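In what follows, a structure is listed as structure tokens, so that the remarks can point back to it.
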Amino acid sequence: MELKIKNISDIEKLFKERGYKTKLVPLNKIQYDFPQKANALIDEFYLISDYRNFQIYFIKIVQPPDGNSSLKRSEIRNILESFYRRFPQVNTLFLFTIDFKEIILVSPLRALIDSKVKLILRYLFLDPINVYHTDLEVLDMLKINVNEQSPDIIWKKHQEAFNVERVTEKFFNAYKNAIEFIKKEVLLPQKKAELQKCHSYAQQLLSRIMFLYFIQKKGWLKWRNYIPDKKYLKNLWEYYKNWKKEEKADCFYSEWLSSLFFGSFNKKQILISTILPEEIKESFTIMPFLNGGLFTENQLDEIRFEIPDKVFELLFDIEPNDQNKGFLERYNFTIREDTPLEIEVAVDPEMLGKVYESLIAEEERGNIGIFYTPRIEIDFMCRMSLIEYLATETKIDKEKITDFIYEPQNKINNLSKDELSEIKNKLDNLKIVDPAVGSASFLVGMMNILVELHTLLTKQIEGKEENLFALKQKIIQENLYGVDVKDWAVMVAELRLWLSLIIETEEKYMDIYTKPLLPNLSFKIRQGDSLVEEIGGVQISLRGETFKYLPNRLKSKIKELIDRKNAFFSGQRSANLKEIKDIEKFEQDIFIEIIDSKIKDLTKEIENWNKRIKDLNGAKDVFNEEDLKAKLEIEERTNQIEDLKKEKEKYEELINKLKNKTQKDYFLWEVDFAEVFAQKGGFDIVIGN
């Protein structure tokens, strides 16, 4: 649907039609004492509706020199925080635009956080040409009638309209319905896999499609002649339905989406189906080089499920009276993740995390350890762990560290340049793991804080700005790790980290068509049970000295493993299933060598104790009697030998089990994260819920 909003009069009309008493009153921005930077942003300033304790304002922003029509949240906050310092008691709705191509509705909310009153900004980003059903719902909820003309009633309606949890709950229900439909109505009847594999495949299919919903908002999905389309998937589906009338096919997934996923996004022309219309082939050849593994065939794809068109009818075709039909087309997808003080009424990457938690029945959550942790708590826990780490690793006063971590913008000048350099060095070398990563909420929370800190540190120490894409990629590569027992949780975690990078990617500044864009995260987020380390029923514990006394050949292999993982992460090595299996096999070979080395050490120790027993046998004391001390030591050494033999047998059994494995189905900390344990002996921060 389209909203006809071309000027300020149309904005006034929008609220008049919704029952508000309106009158356009031009305001003098000088009288509001905005800071110089905020003042320079404001081109036009109007009061649209005034109910004394509730007011609606409109601000037109000065067109930037680069012609960009997207307004930054930081600029909006700069204006509104200044406004609320002067008028702390009034409730408002602010509308912002640059050129009416995008209208931003902002509902500010004051809240007590950490014993301080802070301004939470709730956003609704409207594209007047493509208005989503959920956007219209918000606008409808703002309507008032003749009996609702009081500021208290109006404010209550605005509170409900901008409550993102309302949108979240509806999205949850539709998403879960889609998962259940694909799993039970489409996959299980094919009898190709058990229920868990069907669930994982359904999750993967939706994850891939939703990722495209996020990136099409950036204008990266294009038709021939490089025409971007922010509703590309829906229009691709409509094109297919028209084509299907003549071809009588049922192949949107098997020919169209598979070509897009595995051919286009990996720059493999050979995998683009020859039956596609020429216009679609042309479109598919100019897609970005995503790489990263999300669109690489994996073990789930090897099951070869058939995906009929009825799946996409559910996802794309809206029916007004059915919230589940066409649910992906009902919602505005945004790659901007909410923060504790910035909330958008839309589907953002964090909602994927909430979906993950929602898929677990309420009564099961406590049993299997899956909980949703609120964003504010995540932020608090991440900052507290960073404080403890820096206080332990540096000699800087803990109070100064605490001030800096909690208020970096305001407290950075309290630290000397040497102290800032020391903090930056420690943050560069930090290793963080979430052993039950779930939807990566803690890893994303930690990354956002590290980005904030590094950006300020680099500017203060070196006087330059950070490249945010490169910085986030470096943090993901060098600082963040995760484990989860569920394969589809690993998918969601990877998806959120990829989306956090996409936020910082601008087509005009980066080559997204010939160079692989996304890092491969297969060896950063590992699937497995992080609590129980066993292989084929054999309990393993490699803690402590494993990497301290390795022979040089093994140290060289571990260095080679680290290099191969880094090359795989950055896309220098192909992100295919064979390469993943090759690296896993190399990990396993190193592990077998480590175990073999332990067996040799145990064999040598057994031989030494046997030699000692032989020397003690027949020992006499000074009175030529049997030496009791020698006898006791023989008993002790004999028991030791028995224990050592049992340990040796366990490791020999382990090697046999490993050599007979055709694929990796276990998780061992010092094998899966050998690079961390070899370099540091373990992780600096273990965080999670």
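Here are some notes:
- Here is the size of the chain from its Cα atoms: Rg then Dmax, 30.2, 117 Å.
- Degrees between helix 73-86 axis and first principal axis of the chain (Cα, 0 to 90, nearest 10): 70
- FRET efficiency for the N298 to E44 pair, using the beta carbon distance and R₀ = 41 Å, is estimated at 0.20.
- Candidate residues E584, E81, E185: accessible-area rank, largest first, probe 1.4 Å: E185, E81, E584
- Dividing the mean sequence gap of close Cα pairs (under 8 Å, 6+ apart) by how many residues segment 1-136 holds gives a relative contact order of 22 percent.
- The portion of the accessible surface of segment 411-477 made up by carbon and sulfur, rounded to a whole percent, is 43 (1.4 Å probe; DNA, RNA and ligands excluded).
- Accessible area expressed per residue, segment 1-110, with surrounding protein chains retained (probe 1.4 Å, Å²): 52
- Listed residue pairs exceeding 25 Å between alpha carbons, taken from K116/K217; K23/K60; K170/K241; K474/K680; K191/K354; K118/K524: K116/K217; K170/K241; K191/K354; K118/K524
- Å² per residue, accessible surface of segment 286-354 at 1.4 Å: 31
- Relative to the current alpha-carbon distance between K176 and L616, full extension at 0.36 nm per residue lengthens the span by 151.2 nm.
- For the chain, the longest principal axis of the Cα atoms and the long axis of helix 375-393 meet at an angle of about 40 degrees.
- Taking every DSSP bridge with both residues inside the chain, close to 60 percent are antiparallel.
- Exposure ranking of M210, M384 by accessible area [1.4 Å probe, largest first]: M384, M210
- Projecting the Cα atoms of W220, F100, Q473 onto the dipole axis of the chain, where Lys and Arg carry +1 and Asp and Glu carry -1 at the beta carbon, places F100 farthest toward the positive end.
- Rounded, prolate or oblate (a/c below 1.5 giving rounded, otherwise prolate when a/b exceeds b/c) for segment 307-355 by Cα gyration tensor: prolate
- Charge dipole of the chain (Cα centre as origin; +1 on each Lys and Arg Cβ, -1 on each Asp and Glu Cβ, all else neutral): 1380 debye, rounded to the nearest 20.
- Per-atom-type breakdown for segment 100-161 gives carbon and sulfur 54% of the accessible area (1.4 Å probe, protein chains only).
- Neighbour net charge for P151 - beta-carbon separation under 10 angstrom, K R +1, D E -1: 0
- Counted by Cβ distance under 9 Å from I613, the other residues give a net charge of +2, where Lys and Arg count +1 and Asp and Glu count -1.
- Computed [θ] at 222 nm, deg cm²/dmol, the chain (DSSP H ≥ 4; -39,500 (n - 2.57); rounded to nearest 500): -15500 deg cm²/dmol
- Between helix 164-180 and the chain there is an angle of about 60 degrees, using the helix long axis and the longest principal axis of the Cα atoms.
- Segment 266-314 versus segment 554-596: alpha-carbon centroid distance in Å: 28
The values are calculated or read from the model by the stated rules, or taken from the named source; none is laboratory data. As the structure is a computational prediction, the values presented were derived from the model and not from experiment. Backbone-built Cβ (ideal geometry, glycine too); neighbour counts: all protein chains shown. The area values use the complete protein model at the heavy-atom level, side chains included, leaving out ligands, DNA and RNA. Shrake-Rupley method; radii C 1.70, N 1.55, O 1.52, S 1.80 Å.
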